[in-house]
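Input: a single structure, listed below in structure tokens.
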Amino acid sequence: MKIMFNKPRSSPAESRDRTTRIHLTELCAGYPGRPVLHELSASIPALATTALVGPNGSGKSTLLGVLAGVIDPTSGDLRHESDQPPAFVPQRGAVGDALPLTVRQTVEMGRWGDRGPWRRLTRRDHAKVDTALDRLGIGNLATRQLGELSGGQRQRALIAQGLAQASDLLLLDEPTTGLDPEARDRITAVLAELVTDGVTVVHATHDLGAARSADTCLLLRDGRLAARGRPEDVLTTSALAKAWQPT
């Protein structure tokens with residue numbers, strides 16, 4: 001197993017087009033006694049939105065965890081070209097409704113990677129939090145409890161937490177699943193805007209509408225790569241039927 005994090009040596013202007021490109025070569029990963037990913041080889045382009053698509057158990061969340069650095073590969077190579085650690089936004093269900101956190105406190109947690117949970121946030125940290133809140137259109141909800149929000153508002157708060165990490169790679173697990181069409185469209189539009197601003201976005205999704213809005217797709221089946229490419233080439237009726245076909 002080899003994991004490489006390459007930092008570009010060019011100037012920021014020159015590196016903007018080169019950072020955050022991820023290369024997987026025969027990557028395997030899983031959990032004790034339960035392998036999930038099997039010899040995945042693929043490239044995830046920089047400054048684009050990539051959707052990880054597949055049925056339950058296909059390995060989407062596991063691959064996202066490997067990219068986030070929270071799951072270690074068991075073999076193969078992962079090469080991640082970036083000068084920053086990735087920002088990871090888990091599924092809404094992974095964050096308890098009963099947590100006594102306001103929206104602002106939730107977003108401020110995105111700065112803990114730089115400051116730690118017990119150090120006072122700096123003026124720069126607060127500015128990044130304010131920017132993230134405004135970017136997701138939830139500045140007016142800053143003092144509301146997270147558990148009081150609608151599904152779409154809560155999801156935007158979690159994405160704002162990821163955005164506050166100020167990374168050039170944003171990883172999201174099911175960011176639009178279970179949302180109403182208006183909330184889903186707003187989040188899809190925000191992710192497209194982030195790409196324009198220089199962020200590479202990778203999200204695991206069951207939402208074929210959101211996947212079709214991505215720049216590129218990786219279709220997974222049983223922990224293996226079934227197809228990759230542009231959504232119109234990957235998400236065909238025959239390919240989807242085969243991916244969802246019981247084994």
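The values are calculated or read from the model by the stated rules, or taken from the named source; none is laboratory data. Fair warning: this is a prediction, and the values are worked out from it, not measured in the lab. Every residue, glycine among them, receives a Cβ derived from its backbone with ideal geometry; neighbour counts consider all protein chains shown.
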In the range 65-85, is there at least one residue being at pLDDT 95 or above, outside the structural domain of Ile138 (by TED's automatic domain parsing), within 27 Å of Ala241 (Cβ to Cβ) and of a type in the set (A, V, I, L, M, F, W, C)? no
I need the full set of residues from the range 142-159 which are closer than 18 Å to Glu182 by Cα and either among the aliphatic types (A, V, I, L, M) or loosely packed, with under 13 Cβ neighbours inside 10 Å (or both), in order please. Leu149, Ser150, Ala157, Leu158, Ile159
Of those in the range 174-207 that are crowded, with 23+ Cβ neighbours inside 10 Å and not aliphatic (A, V, I, L, M), the residue farthest from Arg221 (Cα to Cα) is Thr200
Could you check, for the range 175-194, whether at least one of its residues is among the basic types (Lys, Arg) and modelled with pLDDT of 90 or more? no
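Which residue, of Ser75, Ser43, is within 20 Å of Arg230 (Cα to Cα), surrounded by fewer than 18 Cβ atoms within 10 Å (Cβ to Cβ) and polar (S, T, N, Q)?
Checking each option against the conditions leaves just Ser43.
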So which residues in the range 138-165 are part of a loop (DSSP other than H, G, I, E, B), over 18 Å from Pro85 (Cα atoms) and at pLDDT 90 or above? Ile138, Ala142, Thr143, Arg144
Can you find a residue in the range 23-33 that is part of a strand (DSSP E or B), at pLDDT 70 or above and within 30 Å of Leu146 (Cβ to Cβ)? yes
Determine whether Leu99 is touching a residue at least 24 places away in the same chain (Cβ under 8 Å) and buried (at least 20 other Cβ atoms within 10 Å of the Cβ). no
Kindly indicate the residue of the range 169-210 that is of a type in the set (Asp, Glu) and more than 13 Å from the chain's Cα centre (by Cα) and also nearest to Thr237 (Cα to Cα) among those meeting that condition. Asp207
The listed residue being in a strand (DSSP E or B) and in contact (Cβ under 8 Å) with a residue 40 or more places away in the chain, out of Leu64, Leu78: Leu78
